[in-house]
Structures are given as structure tokens and as C-alpha cells.
Amino acid sequence: MSNTKKDEGGFWEMVRTVSWAVVIALFIRTFAYEPFNIPSGSMIPTLLVGDYLFVSKYSYGYSRYSLPFGLPLISGRILFDGPERGDVAVFKLPKDNKTDYIKRIIGLPGDKIQVREGRLYLNGALVERKPLPGFASRGPFGTNVSIPQFEETLPNGVKHLILEKTDRGQLDNTAVYTVPPGHVFGMGDNRDDSLDSRVLNEV
């Protein structure tokens with residue numbers, strides 16, 4: 001066999017190998033796991049800006065937004081299994097298919113949720129919040145600052161950390177939200193710096 005034929009055989013073998021690798025990677029990304037980069041500080045201290053994580057694509061079933069580029073090949077959601085309270089979920093808004101949001105699921109369908117003076121109330125009951133040592137961060141001029149940090153315990157026993165700079169912020173006193181059927185209520189763990197379900201016209 002000539003060197004030319006050997007070279008051609010090696011080239012096509014490499015093409016086949018790369019093609020299979022691409023197909024497998026697309027399958028995994030579409031149906032199993034997808035990598036995400038955390039773009040904002042709304043989930044600090046749980047997730048920091050720049051963190052990379054792999055998100056399960058099958059936990060809640062599949063919709064068109066599970067597919068590359070949001071291709072409209074799936075109507076509604078198939079193999080649906082709803083989220084549980086305390087889950088951290090990545091999602092897109094129906095009006096914005098480009099931006100990934102990541103929030104903690106606080107409320108399930110039928111729940112009534114309110115924030116009063118920075119404290120979370122779920123179905124009329126105050127959610128337990130235990131103070132912890134402050135979260136070390138950098139101020140606007142490079143100074144070291146300590147942000148009040150708490151351990152919050154949801155009614156199903158899920159514990160997670162939250163930051164609460166103040167209990168008198170813009171979203172620290174809200175109306176009572178009733179979660180509609182087929183919806184969930186998400187909040188960022190960085191409570192004073194999170195665009196989440198408390199802002200109904202946005203999320």
C-alpha cells in the first residue's frame with residue numbers, strides 16, 4: 001500500500017472519530033448534562049460568579065428549551081417530574097430564550113409566599129433563619145466587607161445559605177404571592193441582589 005493511500009485512510013478515520021465525538025457530545029448535552037457558567041452574583045454564597053457546573057437535563061423532563069437553539073420540536077414538556085422545594089434550577093424565560101437564569105425553588109403550585117422585613121413567609125409560617133459568620137467579600141473600592149449570612153431551613157428540611165445585606169431593601173417587603181398551577185417560585189440566595197419571582201413583570 002502506498003503512503004498516499006495510508007494517509008487518506010488515516011484522514012477518513014480521523015473524520016469518523018471526530019464525527020462520532022461530536023454526535024455523542026451533542027446527545028449528552030441535549031439529553032443528559034449541560035455545562036453552565038454562573039454570570040451573576042444572584043446565587044452567592046452557594047454559587048459564585050464564574051463558577052462552572054453541569055446541570056442535569058432530565059430532572060424535570062424535556063421541552064423545546066432543552067434542545068440546541070430552542071428548536072420547536074417538542075410541544076409542552078415530556079417526561080415531566082416537577083421540582084422539589086429547595087432545588088436549584090436553571091431556566092429560560094418564554095420572552096427571552098437567550099439568557100439563562102439560575103434560582104432556588106422556594107414555592108410550589110398553590111403556595112402563598114411573602115417577604116416581610118427581609119424574612120421569608122411560606123403559607124403564613126415564618127421560615128427559620130439562623131445567623132452565621134459573615135460572608136467575606138470585596139467592596140466597591142477593593143475594601144474587605146462582611147455581608148450578613150444566614151442558614152435558612154425550608155419546611156421540607158432543606159437547608160441552604162443566604163445573604164441578606166439589609167432587611168429593608170427594595171424586595172424585603174412584598175405582597176402575598178400565590179403560585180399558580182403549573183408554576184414555581186424561585187429566589188436567589190443573594191436576597192438583596194437577585195432578579196427573581198418577587199419581580200412579577202420580569203421573572
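The values are calculated or read from the model by the stated rules, or taken from the named source; none is laboratory data. Keep in mind that what you see is a predicted model, and the values were worked out from it rather than measured. Positions of Cβ are generated from backbone atoms using ideal geometry, with glycine treated the same way; all protein chains shown enter the neighbour counts. Heads up: the accessible areas ignore ligands, DNA and RNA and are worked out on the full protein's heavy atoms, side chains in. Shrake-Rupley method; radii C 1.70, N 1.55, O 1.52, S 1.80 Å.
Shown here for region 138-203: chymotrypsin sites (Phe, Trp or Tyr not before Pro) in loop regions (DSSP other than H, G, I, E, B) with at most 15 other Cβ atoms within 10 Å, namely PHE141.
Both radii are taken from the alpha-carbon atoms of region 75-188; with Rh as the Kirkwood radius, Rg/Rh is 1.01. Counting alpha carbon pairs within less than 8 Å and at least 6 residues apart, what relative contact order, in whole percent, applies to the chain? RCO, the chain: 19 percent. Between VAL145 and LYS130, the simple spin-label model (points 7 angstrom out along Cα→Cβ) gives 2.7 nm. Largest accessible area first, the residues SER59, SER194 order themselves as SER59, SER194 under a 1.4 Å probe with ligands, DNA and RNA left out. For a straight C-alpha distance cut-off of 16 angstrom, the aspartates and glutamates reachable from LYS95 (same-chain residues fewer than eight places away being disregarded) are ASP196, GLU202. Which pairs in the list LYS98/LYS130; LYS57/LYS112; LYS57/LYS165 are over 31 Å apart, alpha-carbon to alpha-carbon? Violating the 31 Å limit, Cα to Cα: LYS98/LYS130; LYS57/LYS165.
Neighbours of THR99 by Cβ distance under 12 Å: Lys/Arg scored +1, Asp/Glu scored -1, total 0. Using the 1.4 Å probe convention, the accessible area of the chain works out to 62 Å² per residue with neighbouring protein chains retained. Applying the Kirkwood pairwise sum to the alpha-carbon positions of the chain produces a hydrodynamic radius of 19.6 angstrom.
The largest accessible area among ARG119, ARG104 belongs to the first residue in ARG119, ARG104, and the rest follow in falling order (1.4 Å probe, all chains). Note on surface exposure: GLU117, GLU202, GLU34 rank GLU117, GLU202, GLU34 by accessible area, highest first, 1.4 Å probe.
Rounded to the nearest 10 degrees, the inclination of helix 3-31 to the longest alpha-carbon principal axis of the chain is 20 degrees.
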